[in-house]
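Trainee: The structure under discussion is supplied below as C-alpha coordinates; questions concerning it will follow.
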Amino acid sequence: MIRLFSQLCKVFKQISFENEITAFDKYVGSINIETLVCPICGAKHTLSPFASYKRHLVTYNNTVQDNIIIISRYKCSSCKRTHALLPSVIVPYMSFSFKFTVYLIHDYLVHKYHSVEAMCEHYGIAISTFYRILKKFKGHKQIWLGLLEDKLISNLSFVQHIIKSSFDELEDFIIQFFKRNGSSFFQGTS
Ligand SMILES: [Zn+2]
(Lines give C-alpha, C1' and ligand atoms only; values in the text may rest on other atoms or scores of the structure.)
Protein backbone atom coordinates (compact mmCIF):
# COMPACT_ATOMS: atom_id res chain seq x y z
CA MET A 1 0.00 0.00 0.00
CA ILE A 2 1.29 3.46 -0.88
CA ARG A 3 -0.07 6.40 1.06
CA LEU A 4 -0.16 9.32 -1.32
CA PHE A 5 0.23 12.72 0.20
CA SER A 6 -0.09 16.07 -1.47
CA GLN A 7 3.19 17.18 0.11
CA LEU A 8 4.66 15.20 -2.75
CA CYS A 9 2.99 17.58 -5.15
CA LYS A 10 2.96 21.10 -3.76
CA VAL A 11 0.75 22.30 -6.58
CA PHE A 12 -2.20 21.06 -4.60
CA LYS A 13 -1.64 23.10 -1.48
CA GLN A 14 -4.98 24.79 -2.05
CA ILE A 15 -6.83 21.50 -1.93
CA SER A 16 -9.64 21.33 0.62
CA PHE A 17 -11.32 18.57 2.53
CA GLU A 18 -14.64 20.33 1.92
CA ASN A 19 -15.31 17.96 -0.91
CA GLU A 20 -13.31 14.82 -0.47
CA ILE A 21 -14.21 13.40 -3.85
CA THR A 22 -12.74 16.49 -5.54
CA ALA A 23 -9.68 16.11 -3.33
CA PHE A 24 -9.44 12.45 -4.28
CA ASP A 25 -9.70 13.22 -8.01
CA LYS A 26 -7.04 15.93 -7.75
CA TYR A 27 -4.68 13.55 -5.98
CA VAL A 28 -5.15 10.80 -8.48
CA GLY A 29 -4.89 13.21 -11.42
CA SER A 30 -1.60 14.56 -10.10
CA ILE A 31 0.24 11.30 -9.59
CA ASN A 32 3.77 11.38 -10.85
CA ILE A 33 4.88 7.77 -10.77
CA GLU A 34 8.50 8.85 -11.18
CA THR A 35 8.42 10.20 -7.62
CA LEU A 36 6.89 7.09 -6.05
CA VAL A 37 9.04 4.75 -4.05
CA CYS A 38 8.20 1.08 -3.57
CA PRO A 39 7.11 0.71 0.09
CA ILE A 40 8.39 -2.87 0.23
CA CYS A 41 11.84 -2.84 -1.37
CA GLY A 42 12.48 0.91 -1.50
CA ALA A 43 13.30 0.90 -5.20
CA LYS A 44 12.72 4.06 -7.23
CA HIS A 45 11.39 4.38 -10.78
CA THR A 46 10.17 0.76 -10.69
CA LEU A 47 6.43 1.24 -10.32
CA SER A 48 4.08 0.99 -13.24
CA PRO A 49 0.26 0.86 -13.48
CA PHE A 50 -0.92 -2.67 -12.92
CA ALA A 51 -4.67 -2.75 -12.37
CA SER A 52 -7.49 -0.81 -10.79
CA TYR A 53 -10.55 -1.67 -8.79
CA LYS A 54 -13.74 0.05 -7.71
CA ARG A 55 -14.72 0.56 -4.13
CA HIS A 56 -17.15 2.55 -2.03
CA LEU A 57 -16.16 5.75 -0.31
CA VAL A 58 -18.81 7.16 1.99
CA THR A 59 -18.21 10.89 2.47
CA TYR A 60 -19.87 13.49 4.64
CA ASN A 61 -20.64 17.11 3.92
CA ASN A 62 -23.69 17.71 6.11
CA THR A 63 -25.26 14.78 4.34
CA VAL A 64 -23.99 11.29 3.73
CA GLN A 65 -22.93 10.46 0.21
CA ASP A 66 -22.00 7.04 -1.08
CA ASN A 67 -19.46 7.33 -3.90
CA ILE A 68 -17.79 4.80 -6.12
CA ILE A 69 -14.10 5.55 -6.57
CA ILE A 70 -11.40 3.84 -8.56
CA ILE A 71 -8.23 2.79 -6.76
CA SER A 72 -5.15 2.14 -8.86
CA ARG A 73 -2.69 -0.61 -8.16
CA TYR A 74 0.95 -0.31 -9.17
CA LYS A 75 3.43 -3.11 -9.64
CA CYS A 76 7.09 -2.89 -8.69
CA SER A 77 9.37 -4.39 -11.35
CA SER A 78 12.05 -4.99 -8.72
CA CYS A 79 10.20 -6.99 -6.03
CA LYS A 80 7.11 -7.88 -8.13
CA ARG A 81 4.73 -6.76 -5.40
CA THR A 82 1.64 -4.71 -6.17
CA HIS A 83 0.51 -1.70 -4.16
CA ALA A 84 -2.73 0.21 -3.98
CA LEU A 85 -2.35 3.96 -4.13
CA LEU A 86 -4.37 5.53 -1.32
CA PRO A 87 -4.79 9.32 -1.00
CA SER A 88 -5.05 10.68 2.53
CA VAL A 89 -8.85 11.10 2.41
CA ILE A 90 -8.98 7.30 2.43
CA VAL A 91 -8.62 5.26 5.57
CA PRO A 92 -7.23 1.88 4.50
CA TYR A 93 -9.78 -0.96 4.62
CA MET A 94 -12.59 1.36 5.65
CA SER A 95 -15.40 2.54 3.41
CA PHE A 96 -15.93 5.75 5.40
CA SER A 97 -13.78 8.76 4.56
CA PHE A 98 -11.56 10.46 7.11
CA LYS A 99 -13.87 13.47 7.34
CA PHE A 100 -16.96 11.29 7.71
CA THR A 101 -15.35 9.57 10.67
CA VAL A 102 -14.15 12.80 12.28
CA TYR A 103 -17.58 14.46 12.05
CA LEU A 104 -19.27 11.36 13.39
CA ILE A 105 -17.09 11.47 16.51
CA HIS A 106 -17.56 15.22 16.79
CA ASP A 107 -21.35 15.04 16.60
CA TYR A 108 -21.38 12.31 19.22
CA LEU A 109 -19.19 14.31 21.62
CA VAL A 110 -21.27 17.49 21.33
CA HIS A 111 -24.53 15.51 21.65
CA LYS A 112 -25.79 16.91 18.38
CA TYR A 113 -28.46 14.22 18.22
CA HIS A 114 -30.77 13.27 21.06
CA SER A 115 -29.53 9.69 21.02
CA VAL A 116 -26.79 7.53 19.58
CA GLU A 117 -29.51 5.70 17.61
CA ALA A 118 -30.67 8.95 16.00
CA MET A 119 -27.11 9.92 15.15
CA CYS A 120 -26.35 6.55 13.58
CA GLU A 121 -29.55 6.79 11.55
CA HIS A 122 -28.45 10.19 10.22
CA TYR A 123 -25.04 8.77 9.29
CA GLY A 124 -26.52 5.55 7.94
CA ILE A 125 -24.36 3.26 10.03
CA ALA A 126 -24.98 0.48 12.53
CA ILE A 127 -24.64 1.38 16.19
CA SER A 128 -22.01 -1.33 16.63
CA THR A 129 -19.99 0.24 13.82
CA PHE A 130 -20.10 3.59 15.57
CA TYR A 131 -18.83 2.12 18.83
CA ARG A 132 -15.99 0.37 16.98
CA ILE A 133 -14.99 3.69 15.41
CA LEU A 134 -15.22 5.48 18.77
CA LYS A 135 -13.05 2.87 20.44
CA LYS A 136 -10.47 3.14 17.66
CA PHE A 137 -10.53 6.93 17.93
CA LYS A 138 -9.81 6.80 21.65
CA GLY A 139 -7.09 4.19 21.20
CA HIS A 140 -5.35 6.06 18.40
CA LYS A 141 -5.64 9.37 20.24
CA GLN A 142 -3.84 7.79 23.18
CA ILE A 143 -1.14 6.32 20.92
CA TRP A 144 -0.65 9.70 19.29
CA LEU A 145 -0.59 11.83 22.44
CA GLY A 146 0.90 9.39 24.92
CA LEU A 147 -0.74 8.44 28.20
CA LEU A 148 -0.20 11.72 30.05
CA GLU A 149 -1.20 14.12 27.30
CA ASP A 150 -4.15 11.91 26.50
CA LYS A 151 -5.52 12.51 29.97
CA LEU A 152 -5.00 16.26 29.66
CA ILE A 153 -6.56 16.75 26.25
CA SER A 154 -10.23 15.87 26.02
CA ASN A 155 -11.65 13.87 23.15
CA LEU A 156 -13.65 16.90 22.10
CA SER A 157 -10.72 19.33 22.00
CA PHE A 158 -8.73 16.77 20.05
CA VAL A 159 -11.46 16.29 17.45
CA GLN A 160 -12.13 20.05 17.27
CA HIS A 161 -8.44 20.60 16.67
CA ILE A 162 -8.56 18.17 13.74
CA ILE A 163 -11.64 19.85 12.28
CA LYS A 164 -10.10 23.34 12.56
CA SER A 165 -6.81 22.25 11.00
CA SER A 166 -5.85 23.39 7.55
CA PHE A 167 -5.49 20.73 4.93
CA ASP A 168 -1.69 20.84 5.23
CA GLU A 169 -1.77 20.43 8.99
CA LEU A 170 -4.26 17.62 8.72
CA GLU A 171 -2.23 15.81 6.15
CA ASP A 172 0.91 16.29 8.20
CA PHE A 173 -0.91 14.67 11.12
CA ILE A 174 -2.07 11.74 8.96
CA ILE A 175 1.41 11.20 7.50
CA GLN A 176 3.21 11.47 10.87
CA PHE A 177 0.77 9.08 12.50
CA PHE A 178 1.26 6.64 9.64
CA LYS A 179 5.06 6.89 9.78
CA ARG A 180 5.16 6.41 13.50
CA ASN A 181 2.70 3.54 13.75
CA GLY A 182 2.74 1.85 10.36
CA SER A 183 -1.01 2.18 10.09
CA SER A 184 -3.35 5.08 9.54
CA PHE A 185 -5.47 6.95 12.06
CA PHE A 186 -8.84 5.15 12.33
CA GLN A 187 -7.44 2.13 10.49
CA GLY A 188 -8.70 -1.18 11.81
CA THR A 189 -12.30 -0.28 12.54
CA SER A 190 -13.99 -2.48 9.99
ZN1 LIG B 1 9.51 -3.17 -4.80
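The values are calculated or read from the model by the stated rules, or taken from the named source; none is laboratory data. From a predicted model like this one, the values you see are computed outputs, not experimental measurements. Ideal geometry is used to build each Cβ from the backbone, glycine not excepted, and the neighbour counts take in all protein chains shown.
Trainee: If you check every pair at least six apart or on different chains, which have Cβ atoms under 7 Å apart with a residue in region 107-118 that is within 15 Å of residue 162 (Cα to Cα) first and a residue that is outside any helix (DSSP H, G or I) second?
Mentor: 107/113
Trainee: Please work out which residue is surrounded by the fewest Cβ atoms within 10 Å (Cβ to Cβ), limiting yourself to region 135-179 and to residues that are of a type in the set (Ser, Thr, Tyr) and under 18 Å from residue 97 (Cβ atoms).
Mentor: Out of the qualifying residues, it is 166.
Trainee: Turning to a different aspect of this structure: Could you run through region 103-124 and say how many residues are surrounded by 20 or more Cβ atoms within 10 Å (Cβ to Cβ) and among the β-branched types (Val, Ile, Thr)?
Mentor: So the answer is 1.
Trainee: Among the residues of region 14-50 satisfying the criterion of being among the small types (Gly, Ala, Ser) and more than 16 Å from the ligand (Cβ to nearest atom), which is nearest to the chain's Cα centre (by Cα)?
Mentor: Restricting to residues being among the small types (Gly, Ala, Ser) and more than 16 Å from the ligand (Cβ to nearest atom), the top hit is 23.
Trainee: Among the residues of region 53-94, count how many are more than 16 Å from the ligand (Cβ to nearest atom) and either surrounded by fewer than 15 Cβ atoms within 10 Å (Cβ to Cβ) or of a type outside the set (S, T, N, Q) (or both).
Mentor: 24
Trainee: Restricting attention to region 18-66, which residues are modelled with pLDDT under 85 and among the acidic types (Asp, Glu)?
Mentor: Within region 18-66, 18, 20, 25, 34 meet the criteria.
Trainee: Count, please, the residues in region 110-126 that happen to be aliphatic (A, V, I, L, M) and within 21 Å of the chain's Cα centre (by Cα).
Mentor: Residues meeting the conditions: 2.
Trainee: Report, by residue number, each residue of region 138-188 that is farther than 19 Å from residue 90 by Cβ and of a type in the set (Gly, Ala, Ser).
Mentor: 139, 146, 154, 157, 166 - these are the residues of region 138-188 that are farther than 19 Å from residue 90 by Cβ and of a type in the set (Gly, Ala, Ser).
Trainee: Let me ask something else about it. Just to be sure before I move on: is residue 184 among the hydroxyl-bearing types (Ser, Thr, Tyr), surrounded by 13 or more Cβ atoms within 10 Å (Cβ to Cβ) and within 17 Å of residue 98 (Cα to Cα) in the structure I sent?
Mentor: So residue 184 passes the test.
Trainee: Can you say whether residue 72 is free of Cβ contacts under 8 Å to residues at least 60 places away in the same chain and farther than 24 Å from residue 19 by Cα, as far as the supplied structure shows?
Mentor: no
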